[in-house]
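Just below is one structure, and these are the notes that go with it.
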Amino acid sequence: MKNDPIIKVENLKVHFGLTKGIAKKRIGTVKAVDGVSFSVERGKTIGIVGESGCGKTTTGKAILRMVSSSGGKVYFHNQDVLAMKRKEHDKIKRKIQMIFQDPYGSLDPRQSAFSIIKEVLVADGKKRTSEEITKEVNELLVMVGLSEEMGERFPHELSGGQRQRIGIARALACHPEVIICDEPVSALDVSIQAQIINLLEKLQRELGLTYIFVAHDLAVVRHIADYVCIMYLGNIVEMMDSDEMFTKPLHPYTKALISAIPVVDYHLEKTRKRIELEGEIPSPINRPTGCPFHPRCPYAKDKCAKEAPVMDTTDPNHPVCCFYYKDLNKETSN
Amino acid sequence: MGERLLDCKNLKVSFFMTGSTVQAVRDVSFHVDRNEVVAVVGESGCGKSVTQMSIMQLIQTPPGKILSGDVTFDGIELLRGGKPIADMNQVRGNRIAMIFQEPMTSLNPVFKIGNQFVDVLRAHNKGMSKKEAWALGAKALDEVGIPDAELRMRNYPFELSGGMRQRVLIAFAVACQADLIIADEPTTALDVTVQAQVMELLMDIKKKNNSSIVIVTHNLGLVSRYADRIYVMYAGQIVESGTSEQILTDPKHPYTKGLLNAVPQIQADKKSDLVPIEGAPPSLAKLDDRCAFLPRCAMKCDSCPSKASPVLREYGTDGHMVACHLFDEEVAK
């Protein structure tokens, strides 16, 4: 096992300009992602968790250059993806693929499953006979747990789980090293959700894939991810091993998020302590000063409104972005 | 057991499409007591929403049709043999309120919140002046925790966030002092921290007004936290029912068991694989008279395929009901 990260994101920023009127006068900036850093090793899964509008999807898209970033670096095999010329980027972009949340919206309704996968497969420009293409597409269909006959169907003839499998097969057609999974199971029913999670895990074992798993469901992320980043309003507020997420959360937001999620275990649910957050997530247009979480934080002090905290890396495996997390956790453990 | 508020017996609803008939609700009986939170759980397309819509008589006819069913609400007969009896306009929205998943589509986008309040209140209270209705609306908004209620009354729905819109719909129910609130996936479109706020609000209102709540959801965690009793639905039928504790700690039906195993649990050993239910739910247009779960069942016996669809029967004596041939013998004892 190499310890070199396959993807390393440094201080990534994505800002969108807000304009008004015909003259497109700049009236503000939406800081969707504001200084995000993390890295993933080959064959591992990193989870990015947060509520809507926290910038988790935008982070994924910025790595793929589907949105243009405003600053920072994304290294793929120690090459900066964001600084590459178009032609250079074309060479490597097949290596990073994406699976989307809505499997219906991301498949062309006028193409059969077979031709959706074929289109991606032949785009690499290699010479193949049509028999070879058919063979490869069928292999991909079988790999994601579909039968070869399913290839003839159109997206509307498939169920949600089957569509998501086609989406995965399409991503695999490029022989990627990294797959960015953007909420791949949140549109699916629970019984189907487990099928897709197990499929993703199986493919990771067999093909040595690296996943960047973007989701809002903490239980799913804990299950599939090795390492987790918790995001709030464009910043990462805490990073930790996924095992520690539920046993040792340190940031007040992580704690509140975990306590807000109802758990299925009946006895645990009746006994555990809950922290309720006031208000809703502020708009990223009017970001609060200081710590972005301070208006909702039950433990906020004067300093939080004035200064923005920086990542505290006392424990390099579990950095936390909060001034007072040490005091808080002393109090609660007593 | 409290006083019976809603009683629904043998409800059957089908949708007649060209070339096929979709049996969305197949003989469903359930009840809600006063001051109780009841959850209806199931996957998409299992008929859980259609059941609730039929209670409210909101099924579009055609293609839908209520074939049979007796529904009684607080002593008023709403349906007898599938035919409407009472004037639903007196009940719907007033005594039974419904909250839908997507709050944007249930509010009219071109009218201010306040005007919609006035419409709703005046429809149910003849002789109420616009001014009174407006004031009552503002008071209700305040009660559901919307700050600057008077200001918000002058807003259009798009100016509010998702959580706020859901609160407005709850405020409609509060203003009408509904006895029963049917919440159809009330928090699916919301973030978890907001979901917790909205659910807590519903529970507060239930306590204050002494009302009952039906939550229709696929989120088992939500059910575990809030529900007193659970009905598990599959392919248009109730396959298991009981108290939350019975269903979640001691599930009997293979489908309920499968559902609970398929959800990632936060306290379970991470390395343990999730156990999905293989296959997909059956099409409701192509059902035969056998057990609908049969093709996906992990615990089926050799005799199951030759038997007719199992009926819901009490297992033991504590009100735990299950519809499965596995328990035929035990029930007979």
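Every number here is computed from the coordinates shown, using simple stated rules; none is lab data. Just so it is clear, the structure is predicted and the values come from calculations on it, not from any experiment. Heads up, the Cβs are rebuilt from the backbone with ideal geometry, glycines too, and the neighbour counts pull from every protein chain shown.
Could you tell me what % of all Cα pairs in chain A have separations over 34 Å? Roughly 30 percent, once rounded to a whole number.
Amide H to amide H distances under 5 Å link A:R42 with A:I6, where only residues 5 or more positions off or on other chains count and H is placed in the peptide plane. Taking the DSSP bridge list for segment A:175-334 and keeping only pairs wholly inside it, about 60 percent are antiparallel.
Relative contact order of chain B: what whole-number percent is it, with Cα pairs under 8 angstrom and at least 6 residues apart? So the answer I get is 19 percent. Working from Cα pairs under 8 Å separated by at least six residues, relative contact order for chain A is 19 percent. FRET efficiency for the B:F16 to B:R290 pair, using the beta carbon distance and R₀ = 22 Å, is estimated at 0.45.
Each stretch of four or more DSSP H residues adds -39500 (n - 2.57); spread over every residue of chain A, this sum gives -9500 deg cm²/dmol at 222 nm.
Using θ = phi - 60° in the Karplus curve 6.51 cos²θ - 1.76 cosθ + 1.60, the 3J(HN,Hα) couplings for segment A:84-98 round to 5, 6, 3, 5, 4, 5, 3, 5, 9, 6, 5, 6, 10, 10, 9 Hz; x is entered for Gly and Pro.
Ellipsoid fit via the Cα gyration tensor, segment B:154-268: semi-axes of 29, 17, 12 Å, each the root of five times an eigenvalue, largest first.
Backbone geometry of segment A:221-233 corresponds, through the Karplus equation with coefficients 6.51, -1.76 and 1.60 at θ = phi - 60°, to 3J(HN,Hα) couplings of 5, 4, 5, 9, 8, 8, 9, 10, 10, 9, 10, 9, 6 Hz, x marking Gly and Pro. Tell me which lysines have Cα within less than 21 Å of A:K301's Cα, excluding those fewer than 8 residues away on the same chain? Those lysines meeting the cut-off are A:K255, A:K326, A:K330.
Distance from the C-alpha centroid of segment B:120-189 to that of segment A:247-277: 30 Å, rounded to the whole angstrom.
Annotation: amide H-H contacts under 5 Å for B:R313 (H modelled 1.01 Å from N, sequence separation of 5 or more, or interchain): B:V322, B:A323, B:C324. Under 18 Å of direct C-alpha separation, and excluding same-chain neighbours fewer than eight residues apart, B:K139 reaches these aspartates and glutamates: B:D119, B:D148, B:E150, B:D204. Distance from the Cα centroid of segment B:44-105 to that of segment A:283-334 is 49 Å (rounded to whole angstrom).
Restricting attention to chain B, close to 65% of DSSP beta bridges with both partner residues there are antiparallel. The string of couplings for segment B:201-214 from the Karplus curve (6.51, -1.76, 1.60, θ = phi - 60°) is 4, 4, 5, 4, 5, 4, 5, 5, 8, 6, 9, 10, 10, 10 Hz, one whole number per residue in order, with x for Gly and Pro.
In this label model, A:S283 and A:R205 are separated by 4.8 nm, measuring between points 7 Å along each Cα→Cβ vector.
Radius of gyration (Cα atoms) of chain B, expressed as a multiple of 2.2 N^0.38 Å: 1.05. The amide H of A:D312, built 1.01 Å from its N in the peptide plane, has A:V320, A:C321, A:C322 as neighbours under 5 Å, considering only residues 5 or more places off or on other chains. Estimated translational diffusion coefficient (Stokes-Einstein, Kirkwood radius over Cα pairs, 20 °C, 1.002 mPa s) of the protein assembly as shown: 79 µm² per second. Return the lysines within reach of A:K87: Cα separation strictly under 20 angstrom, same-chain partners fewer than 8 residues apart disregarded; answer none if there are no such residues. Straight-distance partners of A:K87: A:K61, A:K73, A:K95, A:K126. Of all beta bridges that DSSP places with both ends in the protein assembly as shown, some 65 percent have antiparallel geometry.
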